[in-house]
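Q: Handing you a structure now.
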Protein chains: 2
Amino acid sequence: MTSIRALPTLTAPVEDYLKVIFELEAGDGVAGTNEIAAELGVAPASVSGMVRRLAEHGLITHERYRGVHLTKAGRRAALRTIRRHRVIEAYLTRALGYPWDLVHDEAERLEHAASDELIDRMAAAIGEPTTDPHGAPIPTREGTLDEPELLPLAAVEVGVRVRVQRVGDRDAEQLRYLAELGITPGRQIEVLSRAPFEGPISLRIGRVTKTIGPGLAKQILVAVR
Amino acid sequence: MTSIRALPTLTAPVEDYLKVIFELEAGDGVAGTNEIAAELGVAPASVSGMVRRLAEHGLITHERYRGVHLTKAGRRAALRTIRRHRVIEAYLTRALGYPWDLVHDEAERLEHAASDELIDRMAAAIGEPTTDPHGAPIPTREGTLDEPELLPLAAVEVGVRVRVQRVGDRDAEQLRYLAELGITPGRQIEVLSRAPFEGPISLRIGRVTKTIGPGLAKQILVAVR
DNA sequence: AGACAGAGTTAGTCTTGCCTAACTTATTCC
DNA sequence: GGAATAAGTTAGGCAAGACTAACTCTGTCT
């Protein structure tokens, strides 16, 4: 059985690199040095150094000047970290009443320190959640992750009713704003109008109408119907 | 107000050194290089190096070849870490059903990653505990710690009835054994007999009689009556 | 095709925290 | 009081991760 467990202990920076590479690969298909550096708030040269080490440890493959890919082991480690992160987020909000704009930073630190045992107990305590508070799916213990196909709200046609499934979790202020608007996972909304040239979008949320910018609308992932 | 909060961020090793120095100072009155090294599982030379850095940062004072003492800032940082550790232990057992022999190791890692916010929420969630699962008192948010005067069970005279207040938390196997014997904080026990020359000690625990060695008896701290 | 911008890499340095080996100081014991 | 022993320190290294500055690819645009 391929388990997400029983990996050699990785340092916190290594776990962070793998997590970021996983996410970039899922988006672009490839993770570039500068992208990784930007995501981690680190100089590109530092990434080159780490990439060499990660490749030596068999966690990624690296084509010079081309980009990096996770190996099976790397992917496994990345998913383990992502599972930890999301379970912690879910636990903090559901069991400790943590506001959803603060859980990300807390989880960012705890994910490197919590044992698998603790993660499992947290998950069990809140009924084995399948998503985190921002709607991101939680990888299983076994290392599988099913990412449903979602549409950014920015791409939804006028008149269509959609259901919010997931929102960006990085920016605490943005999360507070979304909560204020009532845009949280599970919420039904309808696109009332869209200004041309990437202009603002009018939405019906419950009984009220709100207008948001196109940048924010890209951070809101929805499913049609 | 002198708060336990608002300290510069310290690295995990630094927090560990301060914690250990605090505990050794509480015991011996002075913390020696070799003691610190043994406690942390590190070479004495490494301690000398760290001691220099801690002194430079004003967390300890150091008399060469004599030993170290915490400064006020150092003591504050140590108590903050100890509070975190003990709140985490208490939370894990009371809220997540963690067995008491496992909480120490988990807390050892989480104490460096948890925010003050999280620690406060955990403490609130379980009713502001005053001791950890092994009976150790939890420092307050403000950095005060009241350590009651306790007697090792090894020093109790025959015929005296005592109440278990606190047990050593380092050794998981010892904790499992104590649990099996029924020796947990709050438990009433009576010393039935003591063999001379640091020999075994017979105890009445509830309705049963058990005999323990003198080493274990030193790890059990009690209050008379 | 050639030049240029942008992405990526190398070289060299720094800090933290650890190690071993060799040295120094303090203490204790005859 | 002087030697043995324990405790503590210095010297010299190493690995991880970060940085800046300087270099080299790659790919695009004309």
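The values are calculated or read from the model by the stated rules, or taken from the named source; none is laboratory data. Here the structure is a predicted model, which is why all the values come from computation and not from measurement. Cβ placement follows ideal geometry from the backbone for every residue including glycine, while neighbour counts extend to all protein chains displayed.
Q: Which residue pairs have Cβ atoms closer than 6 Å, lie 6 or more positions apart in sequence or on different chains, and pair a first residue in segment B:183-199 that is in the same structural domain as B:GLY159 (by TED's automatic domain parsing) with a second residue that is in a loop (DSSP other than H, G, I, E, B) and of a type outside the set (D, E, K, R)?
A: B:PRO185/B:GLY135; B:VAL191/B:VAL156; B:VAL191/B:VAL158; B:VAL191/B:VAL160; B:SER193/B:VAL158; B:ARG194/B:VAL158
Q: Does segment B:98-121 contain any residue that is outside any helix (DSSP H, G or I), touching a strand residue (DSSP E or B) at 6+ places or on another chain (Cβ under 7 Å) and surrounded by 20 or more Cβ atoms within 10 Å (Cβ to Cβ)?
A: no
Q: State all residues of segment B:139-183 that are in contact with an Asp or Glu (Cβ under 6 Å, 6 or more places away or on another chain) and either surrounded by 17 or more Cβ atoms within 10 Å (Cβ to Cβ) or over 11 Å from B:VAL222 (Cα atoms) (or both); if no residue qualifies, say none.
A: Result: B:ALA172, B:LEU175, B:ARG176.
Q: Counting only residues that are in contact with a His (Cβ under 8 Å, 6 or more places away or on another chain) and at the interface with chain B (Cβ under 7 Å from one of its Cβ atoms), how many does segment A:108-128 have?
A: 1
Q: Something else now. Can you name the number of the only condition in (1) within 17 Å of B:LEU92 (Cα to Cα); (2) away from chain B (no Cβ under 12 Å); (3) out of contact with any helix residue (DSSP H, G or I) (no Cβ under 8 Å at 6 or more places or on another chain) that A:ALA73 fails?
A: For A:ALA73, the failing item is (1).
For (1) more than 14 Å from DNA strand C (Cβ to nearest atom); (2) under 29 Å from B:SER115 (Cβ atoms); (3) assigned to a helix (DSSP H, G or I), each residue gets a yes or a no:
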position	(1), (2), (3)
B:GLU15	no, yes, yes
B:LEU18	no, yes, yes
B:GLU35	yes, no, yes
B:ALA55	no, yes, yes
B:THR61	yes, no, no
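Q: Right, something else. Out of the residues in segment A:207-225 meeting the condition of being part of a loop (DSSP other than H, G, I, E, B) and touching a residue at least 12 places away in the same chain (Cβ under 8 Å), tell me which one is farthest from A:VAL20 (Cα to Cα).
A: Ranking the qualifying residues of segment A:207-225, first place goes to A:ARG225.
A quick yes/no check of all residues on (1) modelled with pLDDT under 95; (2) in contact with an Asp or Glu (Cβ under 8 Å, 6 or more places away or on another chain); (3) under 28 Å from A:PRO148 (Cα atoms):
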{"site": "A:VAL30", "(1), (2), (3)": "yes, no, yes"}
{"site": "A:LEU40", "(1), (2), (3)": "no, yes, yes"}
{"site": "A:ALA45", "(1), (2), (3)": "no, no, no"}
{"site": "A:SER48", "(1), (2), (3)": "no, no, no"}
{"site": "A:ARG66", "(1), (2), (3)": "yes, no, no"}
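Q: In this structure, is B:ARG86 part of a helix (DSSP H, G or I), assigned by TED's automatic domain parsing to the domain that holds B:PRO139 and closer than 16 Å to B:HIS112 by Cβ?
A: yes
Q: Please state which of the following conditions A:SER115 fails to meet, knowing it meets all the rest: (1) at pLDDT below 95; (2) touching an Asp or Glu at 6+ places or on another chain (Cβ under 9 Å); (3) closer than 29 Å to A:THR71 by Cβ; (4) not hydrophobic (A, V, I, L, M, F, W, C).
A: All conditions are met except number (1).
Q: Output the number of the condition that A:MET50 fails; it satisfies all remaining conditions of (1) more than 11 Å from DNA strand C (Cβ to nearest atom); (2) touching a residue at least 24 places away in the same chain (Cβ under 8 Å); (3) closer than 24 Å to A:ALA114 by Cβ; (4) away from every other protein chain (no Cβ under 14 Å).
A: Of (1) more than 11 Å from DNA strand C (Cβ to nearest atom); (2) touching a residue at least 24 places away in the same chain (Cβ under 8 Å); (3) closer than 24 Å to A:ALA114 by Cβ; (4) away from every other protein chain (no Cβ under 14 Å), only one is false for A:MET50: (1).
Q: Right, something else. Of the numbered conditions (1) modelled with pLDDT of 95 or more; (2) surrounded by fewer than 17 Cβ atoms within 10 Å (Cβ to Cβ), B:HIS134 fails exactly one; give the number of that condition.
A: Among (1) modelled with pLDDT of 95 or more; (2) surrounded by fewer than 17 Cβ atoms within 10 Å (Cβ to Cβ), B:HIS134 violates only (2).
Q: Could you grab me the full set of residues in segment B:76-107 that are farther than 21 Å from B:LEU40 by Cβ, more than 9 Å from chain A (Cβ to nearest Cβ) and among the hydrophobic types (A, V, I, L, M, F, W, C)?
A: Across segment B:76-107, the qualifying residues are B:VAL87, B:ALA90, B:TRP100.
Q: Are there any pairs, at least 6 apart or on different chains, whose C-beta atoms fall under 6 Å, with the first in segment B:8-34 and away from chain A (no Cβ under 14 Å) and touching a residue at least 24 places away in the same chain (Cβ under 8 Å) and the second of a type in the set (Phe, Trp, Tyr) and away from DNA strand D (no atom under 16 Å from the Cβ), and if so, which?
A: Correct list of pairs: empty, since none qualify.
Residues are listed down the side, and each one gets a yes or a no for (1) within 13 Å of DNA strand D (Cβ to nearest atom); (2) among the hydrophobic types (A, V, I, L, M, F, W, C); (3) over 26 Å from A:ARG170 (Cβ atoms):
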| residue | (1), (2), (3) |
| --- | --- |
| A:ILE36 | yes, yes, no |
| A:GLU39 | yes, no, no |
| A:VAL42 | yes, yes, no |
| A:ARG52 | yes, no, yes |
| A:TYR65 | yes, no, yes |
